[in-house]
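A short worksheet on the structure shown next.
The values are calculated or read from the model by the stated rules, or taken from the named source; none is laboratory data. The model shown is predicted, which means the values in this text are computed figures rather than measured ones. Note that we place each Cβ from the backbone using ideal geometry, even for glycine, and neighbour counts take in every protein chain shown.
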Amino acid sequence: MKKVEAFIRHEAFEPIRQELLERGIPSLSISEVKGSGRQKGVVEHYRGASLTVNVRPKLKVEIVVDDHEKDLVVETILKHARTGSIGDGKIFVYPVEQAIRIRTGEEGEDVLQSHEGVEVPSGS
Amino acid sequence: MTKRLSLVALMASVACLVLPSLASAQGPNAIPNLNSELDITWVMVAAVLVLFMQAGFLLLEVGFSRQKNVGAGVAKILVNLGIATLAWWSVGYGIASLSGNKIFGTEGFFFHHGQEIAGLTVGGGDAALMLFGMLFCAVSLAIVWGTTLERIKFGAYVIYAIVFAAVIYPLVAHGVYGGGLLADVGGKPVMDFAGSSVVHLTGAVGGLAALLLLGARKGKYGGDGKPRAIPGHSMPIAGLGVLILWVGWYGFNAGSTFGTTDNFFAEVALNTQLAAAAGALAAMAVIYARTKALDVGMAGNGAIAGLVGITAPSGYVEFWAAPIIGAVAGVIVVYGILAIDKRLDDPVGALSAHGLAGIWGTLSIGIFGSSRLILEGASPGIWYGITDGGFAASLGQFAVQAVGVAAIFTLVFVLSYATFAAIKATIGLRVDEEEEEAGLDISSHGMYGYPEQFIPAEEFGFASRTPVTPDATKPATATAMASTPSQA
């Protein structure tokens, strides 16, 4: 099992989610994060004083998949999140030791994503 | 019930429309009495507009505060309005009234019907004027707290509000409007039509005294001593506050005619509008030239500065002078905020918008005061003095205006500083660091102004609120798994 963790622009998320869903990977989590990198901060002007915000808002996407689905996920993220400008973000891949579904207590790769023949809620 | 009420309201509004024409139809004898009632009606409408300004101050201060300090602003406005009302009714009005000596009035305490004040018996019309004055006092008090946002102890509001509404503001009002020392300075009166100095400078100086003892918000000045912006949480709320104040100012200035004679109040209202517009535009232009940003907050401060600037001259200058006065106020407020921000942390810019613009407004009568409009015994402004040869007299009037500003500044500063110093020495003026960090809403008022910003709402639409223990003897089957889509 692998966890793919990607820091992306907000606008890249929706096409990534859509395509992963179509390819049978509906399960993911996102969080709003702020961070710094090569992209510069934003200078705000407030009643004459300027204020530099050095961290930019990004979206963190976390997806845990079977080993063989990892490349598909990474490619999908690269395809939609890359604009070619500084600030597109980064992807990290980690090994995952264990996965447990809280509702039932079952364990293993079966809990990760949907499988053949299982209907998933269609996002639009 | 609702229908009957709305019928009454309709009849009342019809009566309002018909009454003036009835008055002229009934012959000259009926007019004076009806005129006086029309005058008082206008004063009452204006009083409501001035009361509405409290909403403006509330939204302006809340918008310029961070999310953790918004509830405190609400509590403060309501408590201060309450204290100002009772303190003015019981003590303040008596000190401010036309009675007594040149320092303070001696009649009118616990204002009531039939009371003798300065040789006159109190009736309904006097109640209207007393109420109008009360709301001015409340406006002046509201201005004080702009400098103290996000760090002052609530108890300090309460104590200072009592002293301010019972003693400090009434002394100033008596000095200028109650036949006090400033009504006759070397034969000339200090002219302040609706209170650029009496109300706005007084409030700002009280705020200055508080600020000097209170210090800056945590994080306002970096290790290098340079000021940092602490952006307020909502520019739309602050903007709404500015516009409500703008509306309220129609009552504040045009109501200070105390009547409808010659429809002069409309001229005062037009002056007010012209100055506010010029103030907003001038501030916007100046800040854009300096920072290349069309600064939202500064445009609001500019409008307020224009309004404060025209407050004193609104009844004494011609229309052409009003935009000039407003524009100069708009320029002053920007440079004032930029200069003051280097040393003093004034979150809403009250020292500049009410203090500096108030001083400018009071002095501007000495430049633009029109001989058609000024008080008896006063001299027209320097502008007229140059053309009609009365330059020395005009310069004298300008000096008298300056004396008025200096006297009010000194009196209010000394009394306010002493009061705040006493508060600091006893109950303390400032919340502790931890409370400031957490925000006044939760630390002083026990709840967040925006609870869901700080406490997440519960999820909607899940089946059971009670935790379920999976049955260990029956592991979930494949069909059970398939029946529900897998989700992370």
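Listed residues B:75, B:165, B:128; which is of a type outside the set (S, T, N, Q), under 28 Å from residue B:234 (Cβ atoms) and in contact (Cβ under 8 Å) with a residue 40 or more places away in the chain?
On the way: B:165 fails: under 28 Å from residue B:234 (Cβ atoms); B:128 fails: under 28 Å from residue B:234 (Cβ atoms).
Being of a type outside the set (S, T, N, Q), under 28 Å from residue B:234 (Cβ atoms) and in contact (Cβ under 8 Å) with a residue 40 or more places away in the chain holds for just one of B:75, B:165, B:128, which is B:75.
Quick check on segment B:222-229. Is at least one of its residues of a type in the set (A, V, I, L, M) and either part of a helix (DSSP H, G or I) or modelled with pLDDT of 95 or more (or both)? Break it down into steps so the answer makes sense when it comes.
The initial filter retains those residues of segment B:222-229 that are of a type in the set (A, V, I, L, M), namely B:229.
So of that shortlist, the ones also either part of a helix (DSSP H, G or I) or modelled with pLDDT of 95 or more (or both) come out as none.
Within segment B:222-229 (the criterion being of a type in the set (A, V, I, L, M) and either part of a helix (DSSP H, G or I) or modelled with pLDDT of 95 or more (or both)), the answer is no, since none of the residues qualifies.
Name the residue, out of A:21, A:59, A:78, A:51, that is farther than 30 Å from residue B:338 by Cα and within 14 Å of another protein chain (Cβ to nearest Cβ).
Working: A:59 fails: within 14 Å of another protein chain (Cβ to nearest Cβ); A:78 fails: within 14 Å of another protein chain (Cβ to nearest Cβ); A:51 fails: farther than 30 Å from residue B:338 by Cα.
So the residue among A:21, A:59, A:78, A:51 that is farther than 30 Å from residue B:338 by Cα and within 14 Å of another protein chain (Cβ to nearest Cβ) is A:21.
Working only within segment B:45-69, note down all residues that are over 18 Å from the mean Cα position of the chain (by Cα) and assigned to a helix (DSSP H, G or I). So that I can check it myself, show each step before the final result.
Step one: list which residues in segment B:45-69 are over 18 Å from the mean Cα position of the chain (by Cα), which gives B:66-69.
Result: B:67, B:68, B:69.
Scan segment B:290-298 and tell me whether some residue there is more than 14 Å from chain A (Cβ to nearest Cβ), assigned to a helix (DSSP H, G or I) and within 20 Å of the chain's Cα centre (by Cα). Reasoning before the result, please.
Filtering segment B:290-298 for residues more than 14 Å from chain A (Cβ to nearest Cβ) gives none.
Checked segment B:290-298: no residue is more than 14 Å from chain A (Cβ to nearest Cβ), assigned to a helix (DSSP H, G or I) and within 20 Å of the chain's Cα centre (by Cα).
Determine which member of the set B:118, B:156 is small (Gly, Ala, Ser) and within 24 Å of the chain's Cα centre (by Cα).
On the way: B:118 fails: within 24 Å of the chain's Cα centre (by Cα).
One residue alone meets the criteria, B:156.
If I ask for residues that are of a type in the set (D, E, K, R) and part of a helix (DSSP H, G or I), which ones from segment B:366-422 would you list?
We begin by selecting, within segment B:366-422, every residue of a type in the set (D, E, K, R); these are B:372, B:376, B:388.
Of everything in segment B:366-422, just one residue is of a type in the set (D, E, K, R) and part of a helix (DSSP H, G or I), namely B:388.
Do we have any residue at all in segment A:63-84 that's of a type in the set (Gly, Ala, Ser) and surrounded by fewer than 17 Cβ atoms within 10 Å (Cβ to Cβ)?
First pass over segment A:63-84, keeping only residues of a type in the set (Gly, Ala, Ser): A:81, A:84.
Now drop any that are not surrounded by fewer than 17 Cβ atoms within 10 Å (Cβ to Cβ), which leaves A:84.
Scanning segment A:63-84, I find at least one residue that is of a type in the set (Gly, Ala, Ser) and surrounded by fewer than 17 Cβ atoms within 10 Å (Cβ to Cβ), so the answer is yes.
So which of B:190, B:268 ends up being in contact with a Leu (Cβ under 7 Å, 6 or more places away or on another chain) and of a type in the set (Val, Ile, Thr)? Spell out how you get there, then give the answer.
Working: B:268 fails: in contact with a Leu (Cβ under 7 Å, 6 or more places away or on another chain).
Only one candidate qualifies: B:190.
Given the criterion surrounded by fewer than 22 Cβ atoms within 10 Å (Cβ to Cβ) and either of a type outside the set (A, V, I, L, M, F, W, C) or free of Cβ contacts under 8 Å to residues at least 24 places away in the same chain (or both), identify the matching residue among B:256, B:234. Full working, then the answer.
On the way: B:256 fails: surrounded by fewer than 22 Cβ atoms within 10 Å (Cβ to Cβ).
Answer to the check: B:234.
Condition check ((1) within 13 Å of chain A (Cβ to nearest Cβ); (2) surrounded by fewer than 24 Cβ atoms within 10 Å (Cβ to Cβ); (3) out of contact with any helix residue (DSSP H, G or I) (no Cβ under 8 Å at 6 or more places or on another chain)) across all residues:
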site	(1), (2), (3)
B:301	yes, no, no
B:313	no, no, no
B:316	no, no, no
B:321	no, yes, no
B:342	yes, yes, yes
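From the list B:457, B:421, B:438, B:472, pick out the single residue that is more than 19 Å from residue A:111 (Cβ to Cβ), exposed (fewer than 10 other Cβ atoms within 10 Å of the Cβ) and either among the aliphatic types (A, V, I, L, M) or at pLDDT below 55 (or both).
Values: B:421 fails: exposed (fewer than 10 other Cβ atoms within 10 Å of the Cβ); B:438 fails: exposed (fewer than 10 other Cβ atoms within 10 Å of the Cβ); B:472 fails: more than 19 Å from residue A:111 (Cβ to Cβ).
Selected residue: B:457, the only one of B:457, B:421, B:438, B:472 that is more than 19 Å from residue A:111 (Cβ to Cβ), exposed (fewer than 10 other Cβ atoms within 10 Å of the Cβ) and either among the aliphatic types (A, V, I, L, M) or at pLDDT below 55 (or both).
Given the condition under 16 Å from the mean Cα position of the chain (by Cα), at negative phi, modelled with pLDDT under 95 and assigned to a strand (DSSP E or B), answer yes or no: does some residue in segment A:35-43 qualify? Even if it seems obvious, please write down each step before you answer.
Going through segment A:35-43, the residues under 16 Å from the mean Cα position of the chain (by Cα) turn out to be A:35.
Then keep just the ones that are at negative phi; that gives A:35.
This time we only want the ones that are modelled with pLDDT under 95, so: A:35.
From what's left, assigned to a strand (DSSP E or B): A:35.
Looking for residues that are under 16 Å from the mean Cα position of the chain (by Cα), at negative phi, modelled with pLDDT under 95 and assigned to a strand (DSSP E or B), one finds at least one in segment A:35-43, hence yes.
Test residue B:37 against the criterion of being assigned to a loop (DSSP other than H, G, I, E, B) and either of a type outside the set (Val, Ile, Thr) or closer than 25 Å to residue B:446 by Cβ (or both), and give yes or no. Explain how you work it out, then say what you get.
Details: assigned to a loop (DSSP other than H, G, I, E, B): no; either of a type outside the set (Val, Ile, Thr) or closer than 25 Å to residue B:446 by Cβ (or both): yes.
When the stated conditions are applied, residue B:37 does not pass them.
Can you confirm whether residue B:276 is modelled with pLDDT of 95 or more, within 14 Å of chain A (Cβ to nearest Cβ) and part of a helix (DSSP H, G or I)? Quick ask: steps written out before the conclusion?
On the way: modelled with pLDDT of 95 or more: yes; within 14 Å of chain A (Cβ to nearest Cβ): no; part of a helix (DSSP H, G or I): yes.
Judged against the criteria, residue B:276 is not a match.
What number of residues in segment A:24-48 are more than 14 Å from chain B (Cβ to nearest Cβ) and out of contact with any strand residue (DSSP E or B) (no Cβ under 9 Å at 6 or more places or on another chain)? First the steps, then the outcome.
Start the filter on segment A:24-48 by keeping residues that are more than 14 Å from chain B (Cβ to nearest Cβ), which leaves A:33-40.
Now narrow it down to the ones that are out of contact with any strand residue (DSSP E or B) (no Cβ under 9 Å at 6 or more places or on another chain): A:38.
Residues flagged as more than 14 Å from chain B (Cβ to nearest Cβ) and out of contact with any strand residue (DSSP E or B) (no Cβ under 9 Å at 6 or more places or on another chain) within segment A:24-48 amount to 1.
Condition first: surrounded by fewer than 18 Cβ atoms within 10 Å (Cβ to Cβ) and touching a Gly at 6+ places or on another chain (Cβ under 9 Å). Now tell me which residues in segment A:41-53 satisfy that.
Let us first name the residues in segment A:41-53 that are surrounded by fewer than 18 Cβ atoms within 10 Å (Cβ to Cβ), namely A:41-44, A:50-53.
Passing the criteria: A:52, A:53.
Of the residues B:416, B:364, B:379, B:352, which single one is over 23 Å from the mean Cα position of the chain (by Cα) and not acidic (Asp, Glu)?
On the way: B:416 fails: over 23 Å from the mean Cα position of the chain (by Cα); B:364 fails: over 23 Å from the mean Cα position of the chain (by Cα); B:352 fails: over 23 Å from the mean Cα position of the chain (by Cα).
Matching residue, one of B:416, B:364, B:379, B:352: B:379.
Considering only segment B:63-112, state which residues are crowded, with 22+ Cβ neighbours inside 10 Å, of a type outside the set (Ser, Thr, Tyr) and touching a strand residue (DSSP E or B) at 6+ places or on another chain (Cβ under 7 Å).
Matches in segment B:63-112: B:108 only.
Would you say residue B:271 is within 14 Å of chain A (Cβ to nearest Cβ), in a helix (DSSP H, G or I) and at pLDDT 95 or above?
On the way: within 14 Å of chain A (Cβ to nearest Cβ): no; in a helix (DSSP H, G or I): yes; at pLDDT 95 or above: yes.
No.
Determine whether residue B:204 is surrounded by 21 or more Cβ atoms within 10 Å (Cβ to Cβ), under 21 Å from residue A:48 (Cβ atoms), more than 14 Å from every other protein chain (Cβ to nearest Cβ) and not β-branched (Val, Ile, Thr). Walk me through how you get there before you give the answer.
Working: surrounded by 21 or more Cβ atoms within 10 Å (Cβ to Cβ): yes; under 21 Å from residue A:48 (Cβ atoms): yes; more than 14 Å from every other protein chain (Cβ to nearest Cβ): yes; not β-branched (Val, Ile, Thr): yes.
So residue B:204 fits the description; yes.
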